[in-house]
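Since the structure comes first, as structure tokens, the remarks are kept for the end.
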Amino acid sequence: MRLAPRFQVAAVSHVGRRQNNEDFHRVLHLSLPQGNLFLLAVADGMGGVEAGEWASKVAIEALSEAARAYGEHLKEGRPAVGLKRVMEKALTLAQRRVEKEAAKPGRKGMGTTLTALLYADWLKEGALGHIGDSRAYLFGPRGLRRLTEDHSWVAERLKEGVLTRTEAERHPYRNLLTRALGLPEARFDLLEVRLAPGEGVLLVTDGLYGLVPEEEWRLGKDLQGSLEALVAEALRRGGDDNVTAVALRVE
């Protein structure tokens, strides 16, 4: 779909074989005097069915609130703030909101991954915020490149050379996170992203890359159709987890 000229966005989420969808996502477009501001985000909740669903939703609603507040800030003609700083404040707000909810009865241990892009077309750049094992990729004419590192036990062992990639993919601790929103002293990764025409950013939860290796991904001219095909392939291969993918491309 096109929320603004020269930009194509797409989003797909499926419950898979699970009873509930603990993934949550958002594609937000704000038309401002300076140009177009986009927020794309995916989150994968944890802590039990109800708690996981709530954690991912709370995190992304907080992120959306911060993006809208930044849009109002710019509309009022106030001094611009760097996108990385805006993303950092948004993630901090999301962390506080999830921690607050986790303190309520029945929600102890609640948390979520969160990977998000805030992109300003007038700057031709964006800020990527990340915690957990959802992922962000840069894609375009030069192929696909992962931008984020998984904050998981197996990712750390893989980096240390203790596990091979094949061992990591099958390890019983492969879903054990070392960082997530809701955990004490959560630490975020913040990156700058610049996009040339034909390039874009893809955000996914582990329900996709856990079943369909990134080497098999093809993102064609029809971005929505490409994401739907990827999710359909994950479901064909078992779909034992929620599957979510969102993307933005500069035309």
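Values for this structure:
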| item | result |
| --- | --- |
| Cα centre as origin, Lys/Arg/Asp/Glu Cβ charges: the stretch 132-171 dipole, Debye | 260 |
| Rounded to whole Hz, the Karplus (6.51, -1.76, 1.60) HN-Hα couplings of the stretch 240-251, x for glycine and proline | 7, 9, 4, 10, 9, 8, 9, 8, 9, 9, 7, 7 |
| Cα-centre dipole for the stretch 4-98 with unit charges at Cβ (Lys and Arg positive, Asp and Glu negative), debye to 20 | 300 |
| Label-point gap, in nm, between E88 and T164 - each point 7 angstrom along Cα→Cβ | 4.2 |
| Candidate lysines - alpha carbon under 26 Å from K84, same-chain residues fewer than 8 apart omitted | K57, K75, K100, K124 |
| Sites matching trypsin sites (Lys or Arg not before Pro) across the stretch 181-238 that sit in DSSP coil, with at most 13 neighbouring C-beta atoms within 10 Å | R187, R218, K221, R237 |
| Under Karplus coefficients 6.51, -1.76 and 1.60, residue-wise ³J(HN,Hα) of the stretch 90-97 in Hz, glycine/proline x | 5, 5, 5, 4, 4, 4, 4, 5 |
| Cβ-placed point charges (K, R +1; D, E -1), dipole of the stretch 1-160 about Cα centre in debye, nearest 20 | 260 |
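No lab work stands behind these numbers, since they all come straight from the coordinates. This is a predicted model, so every value here is computed, not measured. Positions of Cβ are backbone-derived with ideal geometry, glycine not excepted, and every protein chain shown enters the neighbour counts.
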